[in-house]
Amino acid sequence: MAFDVARIRGLFPALGDGWIHFDGGTGMLVPEQVASAVSTAMRAPVSGPGGAFPASQRAESIVAAARRAVADLVGGEPDGVVLGPSASVLISRLADTLSTRWTIGDEVVVSRLDEEANIAPWLRAMNRVGGKTRWGEIDIENCELPEWQYRDLVGARTKAVAVTAASGAVGTRPDLEPITSAAQQAGALMVVDATYAAPFVPLDMSTLGADVVVLSAQAWGGPAIGALVFRDPDLLAQLPPAALSPEATGPERLELGPHPYPLLAGLIASVDYLAGLDDVATGTRRERLLTSLGSAKCYQEGLLDQLAADLRSLPHITVLGEPTRRIPALAFYADGRKASDVADYLARQGLCAFAEPGSCGLFGALGIGEVGGAVRIGLAHYSNGFEIGQLARVLAELP
């Protein structure tokens, strides 16, 4: 393993702003190679696809390369990669498309652990067709998502099961195997939101058992691009098309309008960045991704252990949950203080963190609104031990 955090920090010009960034869960800073790829693509002539001239052929090659890059990230097939402006838009498009064939009494299963982007579209779809939404509940003591409950939640009328591969709020990585097994037995579509897992955990579609994996490039330092990856590309032909063109085939059936080609160039560069996190990784891009993300996972586990131990040593700080498997993200609250006040205090000390009011979603389920909300911490590839210690030192002096 050769995860050189000093080298990785040098890839991010924005780190020169003097702030300590614990806001990784809302989108990492952008590496220089990604910004350069976008600007370079904007300077080159790029036209719409389908023409016989270089500018048009360049557009086609960028789209094809973007699909290959995303497929490499999750061990999928390029023909199964749908590209779009964001993960939330694509999930909404998928739910809208699927629900055209659903009827009264059909069901979807979502979880309290998920972000709103992987919940709201399914709720809207059920409301339109008169269906029912069933909920996977979290254990409020450890923030786990008990897998045993899905044996009862998933049934003969279940059309889709939507669940996260990792929570960007509290870091929990649920055990997906029993959930996917229940979905497969019921013939339901398994949709796994890997937005927060992808930057930190080597992913493989066959291991996840997902029919569709959801990704957001912003979560790992890429541009504002989302993707749906279908394990079986042939499934796309069975879905009602959402495309403007009735002749659209393959992933284009769920894509609208022209692609932002410079951003797709940045997407490719961002996957290459992930593949280079371990500077001794070799082989194909897929092999380098597995090695690099494995190294990142080991490094981040050490940082997270240090952070959790430091915060739990402070008598006025309570860390939410203690899941067995997690990504480098957590949330905490300070006794007798609103989360917004704590986040403002951290900002005055040069630390970036977000306050969650706790009135809805995961934090609402945990009852955090009753204690003034929680502060959400998300680490990134460029976080280091000094910054972890600085957070604890600043919180120790919280007035």
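The values are calculated or read from the model by the stated rules, or taken from the named source; none is laboratory data. Computed from a predicted model, the values in this text were never measured in an experiment. When we count neighbours, we look across all protein chains shown, and the Cβ atoms used for this are built from the backbone with ideal geometry, even at glycine. Areas reflect the complete protein model, heavy atoms only, side chains present, ligands, DNA and RNA absent. Shrake-Rupley method; radii C 1.70, N 1.55, O 1.52, S 1.80 Å.
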So, in the range 308-357, of the ones that are part of a strand (DSSP E or B) and among the β-branched types (Val, Ile, Thr), which residue ends up surrounded by the fewest Cβ atoms within 10 Å (Cβ to Cβ)?
Thr318
From the list Arg101, Arg124, pick out the single residue that is touching a Ser or Thr at 6+ places or on another chain (Cβ under 9 Å) and either open to solvent by 20 Å² or more (accessible area, probe 1.4 Å) or of a type in the set (A, V, I, L, M) (or both).
Arg124
Search the range 131-143 for residues being open to solvent by less than 40 Å² (accessible area, probe 1.4 Å) and in contact with a Gly (Cβ under 8 Å, 6 or more places away or on another chain), and hand back the single one that is nearest to Glu356 (Cα to Cα).
Cys143
Being part of a helix (DSSP H, G or I) and at pLDDT below 95 is the filter here, so list the residues in the range 16-39 that pass it.
Gly16, Asp17, Gly24, Gly25, Thr26
Filter the range 244-264 down to the residues that are open to solvent by less than 20 Å² (accessible area, probe 1.4 Å) and touching a residue at least 12 places away in the same chain (Cβ under 8 Å), then identify the one that is farthest from Ala188 (Cα to Cα).
Leu264
Is it fair to say Ala227 is within 15 Å of the chain's Cα centre (by Cα) and either open to solvent by less than 10 Å² (accessible area, probe 1.4 Å) or under 19 Å from Pro328 (Cβ atoms) (or both)?
yes
Please go through the range 364-384 and pick out each residue that is modelled with pLDDT under 95 and either surrounded by fewer than 19 Cβ atoms within 10 Å (Cβ to Cβ) or over 20 Å from Gly321 (Cα atoms) (or both).
Gly364, Ala365, Gly367, Gly369, Glu370, Val371
Within the range 133-146, residues acidic (Asp, Glu) and out of contact with any Ser or Thr (no Cβ under 9 Å at 6 or more places or on another chain) come out as Asp139, Glu141
Quick one: how many residues across the range 199-218 are open to solvent by less than 10 Å² (accessible area, probe 1.4 Å) and within 16 Å of Gly266 (Cβ to Cβ)?
3
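Condition check ((1) touching a Phe, Trp or Tyr at 6+ places or on another chain (Cβ under 8 Å); (2) without any contact (Cβ under 8 Å) to a residue 12 or more places away in the chain; (3) farther than 29 Å from Arg288 by Cβ) across all residues:
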residue	(1), (2), (3)
Glu177	no, no, no
Val192	no, no, no
Val201	no, no, no
Val229	no, no, no
Asp232	no, no, no
Leu236	yes, no, no
Ala242	no, no, yes
